[in-house]
Amino acid sequence: MSRQLTADDARQSLNEHVAAKGAEIFAKYGPHIGWDELQRILEDRACVRYPCQIAFDPGPLQKGECAWPNPKSGQPEDGFVMQVHPLFLMRLERVAHLVLYQLVLVNYGQFASSEDAEVFGAAALGIPREQYYQDLCEMADWLDGQSASGRG
């Protein structure tokens with residue numbers, strides 16, 4: 001007699017899947033994922049399910065938000081524009097941290113949790129999850145005192 005899958009089983013399965021996908025990215029594009037590697041990742045459909053480009057445009061970002069994948073339409077196949085706060089134009093080496101966190105929404109939609117995003121990003125960067133979380137918090141703190149245009 002087989003047992004029925006629960007919501008917790010599904011969450012655990014997704015979490016394991018994003019960890020494995022992150023590890024695949026690290027193996028293929030690591031050990032250092034900077035701007036150039038990020039561009040190649042975004043073009044790789046084995047890593048990013050739908051087309052995704054980066055724009056340093058604060059338009060759809062909420063106050064204190066570093067990045068967000070803005071769908072081009074109601075159909076994910078049409079792709080996404082990863083809106084990144086313009087402050088990070090001067091810190092391109094950190095953009096991968098922000099984009100990798102948001103890619104779980106591109107790849108898995110609303111099923112992905114913040115925990116999944118942390119697990120995925122940390123695995124892709126080859127760093128401990130706690131360190132990745134601290135890096136994200138530090139970047140969010142950089143936005144304090146910044147206007148949406150990136151000017152203080």
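Key figures for this structure:
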read-out: Set of lysines with alpha-carbon distance to residue 63 below 24 Å, sequence-local pairs under 8 removed; value: 72
read-out: Relative packing of peptides 132-139, 17-24 - highest average C-beta neighbours within 10 Å first; value: 17-24, 132-139
read-out: The chain, relative contact order in percent, only Cα pairs under 8 angstrom and at least six apart counted; value: 28 percent
read-out: Degrees between helix 95-108 axis and first principal axis of the chain (Cα, 0 to 90, nearest 10); value: 40 degrees
read-out: For the chain, diffusion coefficient by Stokes-Einstein and Kirkwood Rh (Cα), 4 °C, 1.567 mPa s, µm²/s; value: 82 µm²/s
read-out: DSSP bridge pairs, the range 9-152: antiparallel proportion in percent, nearest 5; value: 55 percent
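Every read-out reported here was derived from the displayed coordinates using simple, explicitly stated rules and does not represent laboratory data. Predicted, not measured: the structure shown is a model, and the values here were computed from it. So basically every Cβ, Gly included, is an ideal-geometry build from the backbone, and we count neighbours across all protein chains shown.
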